[in-house]
Amino acid sequence: MLKHYLYVFFISMVPIVELRGAVPIATAYHAADPSFSLPLAYVLIAIGNMLPVPFIFFFARKVLEWGKDKPVIGKFFTFCLEKGHKGGEKLKSSAGRGLYWALLLFVGIPLPGTGAWTGTLASSFLDMDFKKSVVAVMGGVALAGVIMAVLSGAVAAGVGAVR
């Protein structure tokens, strides 16, 4: 059982997949074994999703800038830089003065390419305040967690009803 908790914890740290992939997996574990605690899994998933945020904010941009010209990793690093820049510009243009609310919604709406990694990278690119950015990303992670939990629960209930 511990390995399942660790599995969803580590999945929630993976870029792109993040919480959006870990919550449905946790829901599937719970469906297979009701002793698997969803509340505990959700807490671990949220912590795992937030754990990389300070490192992304302070170091990712520097590492990406350093690696964009390197032979093997250059294309991927350039892609990440462009993604962060586009995300930042999209946030800035749509948000105006509500930039931190826009960041919260950007992270919280579970669509491909949005999430804690992209939102934090965008806030770093926009030189936003670290503490306010972390609070906004944390709120977004909570919102995405609720949305994914409801969707995963509905799908699990639907699958259970079909059986």
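Key figures
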quantity	calculated
Rounded FRET efficiency, nearest 0.05, which uses the C-beta distance separating Lys132 from Trp66 and R0 of 30 Å	0.65
Counted charge near Gly96, where neighbours are those whose Cβ lies closer than 14 Å (Asp, Glu -1; Lys, Arg +1)	+2
Sequence ranges 151-157, 31-37, ranked by mean other-Cβ count within 10 angstrom, highest first	151-157, 31-37
Share of alpha-carbon pairs per 10 Å distance bin for segment 1-44, given as whole %	33, 58, 9
Highest average packing first - 42-48, 118-124, Cβ atoms within 10 Å	118-124, 42-48
Accessible surface, the chain, averaged per residue in Å² (probe 1.4 Å)	57
Convex hull of segment 93-163 built on C-alpha atoms - directionally averaged projected area, nm²	5.2
Magnitude of the charge dipole, the chain, Cβ model with Lys/Arg +1 and Asp/Glu -1, debye to 20	220
Partners for Lys90 among lysines (Cα-Cα distance below 27 Å; same-chain residues under 8 apart left out)	Lys62, Lys68, Lys75, Lys131, Lys132
With Cα atoms, 0 to 90° folded angle of helix 130-162 axis to the chain main axis	30
Accessible area of the chain belonging to carbon and sulfur atoms, whole % at 1.4 Å probe	73
Acute angle (nearest 10 degrees) that the helix 2-11 long axis makes with the longest principal axis of the chain, alpha-carbon atoms	30
Dipole of segment 21-163 [Lys/Arg +1, Asp/Glu -1 at C-beta], most positive-end residue of Trp101, Val155, Val135	Trp101
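The values are calculated or read from the model by the stated rules, or taken from the named source; none is laboratory data. Worth saying up front: this structure is predicted, and the values here are computed from it rather than measured. So basically every Cβ, Gly included, is an ideal-geometry build from the backbone, and we count neighbours across all protein chains shown. Remember, those area values only see protein heavy atoms, side chains included, never the ligands or the DNA or RNA. Shrake-Rupley method; radii C 1.70, N 1.55, O 1.52, S 1.80 Å.
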